[in-house]
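Okay, structure first, notes after.
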Amino acid sequence: MNAPFRTALDAPAGDLVWLDEALIEQAIAHSRQSPRGRMIAPFHKTEDDPLHRMLNAVQPHTYIRPHRHSDPPKAEAWVVLRGAVAFFRFADDGAIVECARIGANDPVRGVDLMPGAYHGLIALEPDTVLYEVKTGPYAAISDKAFAPFAPAEGTPDAERYRLTLLDAFEARQRPRLSQISWRPPTLQSARLVLRGYEPSDAEAIFAYTSDVETTLHMAWDRHGSMRDTWTYLNGWVANGYARRQLYYAICLREQPERVIGGVGASAHGERSYQLGYVLGREHWGRGIVPEAATRLLDQLFRETDALRVFAPVYADNHKSRRVAAKLGMQLDGVLRSAVERHGQRKDEAVYSLLRDEWRARSDV
């Protein structure tokens, strides 16, 4: 007989608890190890507490069966501290009444729910963490009523239902990028056109983001389906354009409609920008990424107040480190065991370029 797995951590002691990074990371670590892919970290001391407060760390593969709190009626509210979720509210027959993306870097950061409505959520990003508040006390037999239209957790139909909900969510979210009118100014170099992303680029983006070798050293996971690409366009890219970040599609001048990779810079602290790049494998070895990134760096230092641009690179990603060197970036140092990737700790090399160094190199 299998031992029961842990669903919640112990509440921290004391009358005052700081919601700091250590608590968040602890909850995340346990959610990664949990067979369910999620973990509760409560702050209330007993189940009889009239107000329950907790961190809820969830991974994308977890299945949270739609439910409601109606008998006894319980209100709840939660805010996303890290990552993002797809939130659903259902009619009694299972029809989706509304769904929305809620995330730490999104226009909608949380939700307040009155009792009685069936609802559920799906994590859209790894290591998503919510801060949740719910009326107490807690009794397992009456805390929630599961929706009869949704399969039970752990059954063969549960994963199929979760994917069905994701499809419905993505179908409703797809117009989001097209609803944002701002795009970064188009840039050109000897061989390339750098332009803003469009919804019509999805298939071309999926072609290289789904390639195992291309994505081997990326900080994000390989796209397993077009759903992942739509999530990228309507999430990361759309949110970036809403904040006027310089995220560019790389295209050849003779084929400006076909995306072959991407290069971008996002504001990261005071007058500092983080540089990132990816290129489809069929175009490797032609100097395309240095050419694209050089044009973007020129734009950054000419048209913004940037003082520093930096690029964090996995230390074993020698191709990317060579690109940083070609761009004239200096190695600030190697952070040992700084990041976790697929359950393994990795060293991270950080390169940077300062405005004065760019001026000297560009002979401006």
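The values are calculated or read from the model by the stated rules, or taken from the named source; none is laboratory data. Owing to the predicted nature of the structure, the values given are computational and were not obtained by experimental measurement. So basically every Cβ, Gly included, is an ideal-geometry build from the backbone, and we count neighbours across all protein chains shown.
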If we only count strands (runs of 3 or more DSSP E) wholly inside segment 100-202, which ones have 2 or more residues that are of a type outside the set (F, W, Y) and within 30 Å of G343 (Cβ to Cβ)? 118-123, 128-135
I need the full set of residues from segment 81-130 which are charged (D, E, K, R) and out of contact with any His (no Cβ under 7 Å at 6 or more places or on another chain), in order please. R82, D92, D93, E98, R101, D106, R109, D112, E125, D127
Among residues belonging to segment 263-280 that are in contact (Cβ under 8 Å) with a residue 60 or more places away in the chain and under 19 Å from the mean Cα position of the chain (by Cα), point out the one that is farthest from G196 (Cα to Cα). V278
Unique residue being in contact with a strand residue (DSSP E or B) (Cβ under 6 Å, 6 or more places away or on another chain) and of a type in the set (D, E) when the list is E98, E25: E98
Go through (1) loosely packed, with under 15 Cβ neighbours inside 10 Å; (2) at pLDDT below 95; (3) of a type outside the set (V, I, T) for R286 and report which single condition fails. (2)
Would you be able to say whether some residue in segment 56-72 is farther than 28 Å from E159 by Cα and surrounded by 14 or more Cβ atoms within 10 Å (Cβ to Cβ)? no
